[in-house]
Every structure is written in structure tokens, then in C-alpha cells.
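Step one of this worksheet: look at the structure below.
The values are calculated or read from the model by the stated rules, or taken from the named source; none is laboratory data. The model shown is predicted, which means the values in this text are computed figures rather than measured ones. Backbone-built Cβ (ideal geometry, glycine too); neighbour counts: all protein chains shown. The area values use the complete protein model at the heavy-atom level, side chains included, leaving out ligands, DNA and RNA. Shrake-Rupley method; radii C 1.70, N 1.55, O 1.52, S 1.80 Å.
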Amino acid sequence: MNGLEFASPNWLYLLLIIPILITLYVFLHNKTNPSLRFSDISFFVKLPRSYKIYLRHSVFALEMIAMSLLIVAMARPQKSSVSKNVNVEGIDIMLAMDISSSMLACDLKPDRLEAAKAVASEFVEGRPDDRMGLVVFAGETYAQVPLTTDHGLLKNMIKDMSCGLLEDGTAIGDGLASAVNRLKDSEAISKVVILLTDGDNNRGSIDPNTAAELAKLYGIRVYTIGAGKNGTAPYPVQTPFGTIQYQQIPVVINEELLQHIANETGGHYYRATSKESLEEIYGQIDKLERSKIEVTEFKRVSEEFYPFAVWALVALALALLLKNTVFRTVNE
């Protein structure tokens, strides 16, 4: 019965008759069965028993089995097999993330870097069909994870990101160029860079505008995100006594540059002033850059009532045979 579906399942309600018939059979059998009273039955206990005693209920049992199988057959059990053709047009995405010391500012909770890591990990987890990679940059840049479908590895590398791994500064141009270099030979239907920074380009050897032109040349869209509130933000500073104090530092994000990079490449610029707004930004990008999945489903149905009908006829024939031979009754 495993995996069976029924084309006419209402017939199965007739199976409720079976326990009713069994109850009536037991009641009538006890009522009509003749009996004799003896003071001592020890003599009869020692007598050999005929096989008919053990099989006396077999005719009724076979009739109930036959009826049950016929009811199931009338319900038309079926097995269906489903096959799918899936066509996925993948998207290759490089995350370019700023890990300069200013990412420790706490205007995004718990700080900019931790908020960016948490949201980026959720974004990666929600796109299992795409190849993704990671570039980190500060005063210099490093391609930490090439394009891969191993999202577990990518999330672990995002989790391990920290400030201080690279020389301090903000090399936006180098970070973007490194991401473009990883995508330029991709044959994906869509190529995307998501660049997140909290500052202005002040280091590196490649001008951000030149990197944007390269991205445009290779058909790569760049979504830029400026992380940080307007005005000032609390920044942790270690005192000579080993304690941490927070000082207000100015938030300097070159929004004009990030806007230009996005416009030049057909992307979009976003400003994240809180972790919640950063989550909304990644959600919007997630909707804009969705893989196209075409699914064609084929369903084949095979009728499975034949075995039930055959075994029902076998049980019924055997019941009739026993009733007219071994358990034949003679009426005068």
C-alpha cells in the first residue's frame, strides 16, 4: 500500500462493513452453535482433533478477505511517478566587503562589520543555486574566496573576517577591480558585485572610476552600499589602562562616488544606517537578482487494482471450494 493513491477513494468507506460482519458472525456463531453437557470431559480432551476444528472459520475469513480486496480494487489504487526537468540560469555574485578599522564603529549593532557579516551570511544561505565569492579590502585587497557553490565554506570565511587582517585604509578601487577580475571570464547569465564600504577611497593603485568602467566593459552590475549613520558614530578606543572607551568620529562616506559606480554599471546605490536597513537592502538586491528556474513536470499514472482483484477472486474461489467440499452441509 506504500505510495498508492486512489482514484475513487470513497469506495474505501465500504471497508467499515467488514468489522460489522465479523461481529455479527461471532454473535450468531455463539448463539447457534449446539452444545451438550457432561459431568466429566477428560475423556474428550484426550481424543485426537480433526483439522476441520482448526479450519472451521476459514471460509468466513476467506470471504472477508475477498470482500476487502474487491473494495480496494473498486477504489482504483494507482501509482504515479513524477519526473522534472529543471533549467537554472545561474547568477555569479562577488561580495566585496570593507574590513578597514572604521568598520568597528557601533552605529550599526553590534558594529558595522558584525552587522555586515551576519546579513551577508543570510544572503548567501538564501541563494543555493548561485556561485558566489568574497573579496575583502582595506588599504589593500585580498580575494578570499573565488566563485564557488560551496556556500558552507563561503559562510565560514565571512564569519572569520575581522579588522586588522590587511593594512588599514580604504581601497575601494582595488577591491572592486579584484571582484571584477574574478567575474570577467564568467559565462553566467548575470554577473554581480555587491560592494559594501563605510568610507572614501584613500588608498590603492586603481581609481574607483576606472574599476567601474572595467565592470561595465565586462557586463558586471555593481550594487554599492554605504554603511553608517549620518553625522558621527561611536568608535571604540583602547585607553592606556586597557579599557575601552567610545569616541564620536565623523562618518565620511563618499556617496557621490558610490552612486556613480552603481549608475555606471547598471546597479543601484543604497545607504544602510542600521542593521535592519542593511537587511532590507540585501533583500531588495535578492529580489532584483533572481535565478530563472524553469520546471517542466511529467506525471505518469499506472493502475494497480489488478492484483487486488485477482487475489480477491482467488480467495473467493477457495472459500467456495472449501464450502462445497470440506465444510459441505447437507440439508434434509
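In this structure, the pairs whose alpha-carbon distance is over 18 Å, taken from Lys191/Lys287; Lys117/Lys287; Lys155/Lys287; Lys117/Lys159, are Lys117/Lys287; Lys155/Lys287. Amide H contacts for Ile91 (H built 1.01 Å from N in the peptide plane; partners 5 or more residues away or on another chain; cut-off under 5 Å): Arg131. When the trypsin sites (Lys or Arg not before Pro) in segment 108-184 are filtered for DSSP coil states and for at most 15 other beta-carbon atoms within 10 Å of their beta-carbon, the remaining sites are Lys184. Each residue of segment 17-29 was assigned a 3J(HN,Hα) from its phi angle through the Karplus curve 6.51 cos²θ - 1.76 cosθ + 1.60 (θ = phi - 60°); the sequence is 5, 4, x, 5, 5, 5, 4, 4, 4, 5, 5, 5, 5 Hz, with glycine and proline shown as x.
Which whole-number percentage describes the relative contact order of the chain, with Cα contacts under 8 Å and a sequence gap of 6 or more?
24 percent
The angle separating the long axis of helix 208-217 from the principal Cα axis of greatest extent in the chain is about 50 degrees. Run the helix sum for the chain: -39,500 (n - 2.57) per DSSP H stretch of 4+ residues, divided by residue count, reported at 222 nm to the nearest 500 deg cm²/dmol. Dividing the helical sum by the residues of the chain leaves -12000 deg cm²/dmol. The chymotrypsin sites (Phe, Trp or Tyr not before Pro) of segment 183-262 meeting both criteria, a DSSP state outside H, G, I, E and B (loop) and at most 16 other C-beta atoms within 10 angstrom of the site's C-beta, are Tyr218, Phe241.
Against the chain, whose longest principal axis is taken from its Cα atoms, helix 172-183 shows a tilt of about 40°.
Dipole check for the chain: with +1 at the C-beta of Lys and Arg, -1 at the C-beta of Asp and Glu, and the Cα centre as origin, the magnitude is about 3080 Debye. Surface composition of the chain: carbon plus sulfur atoms hold 56% of the accessible area, using a 1.4 angstrom probe and ignoring ligands, DNA and RNA. Calculated accessible area for the chain comes out at 59 Å² per residue, all protein chains present (probe 1.4 Å; ligands, DNA, RNA ignored). The angle separating the long axis of helix 275-288 from the principal Cα axis of greatest extent in the chain is about 70 degrees.
Residues in segment 309-317 carry Karplus couplings, in order, of 5, 5, 5, 5, 5, 4, 5, 5, 5 Hz; the curve used is 6.51 cos²θ - 1.76 cosθ + 1.60 with θ = phi - 60°, and Gly or Pro positions show x.
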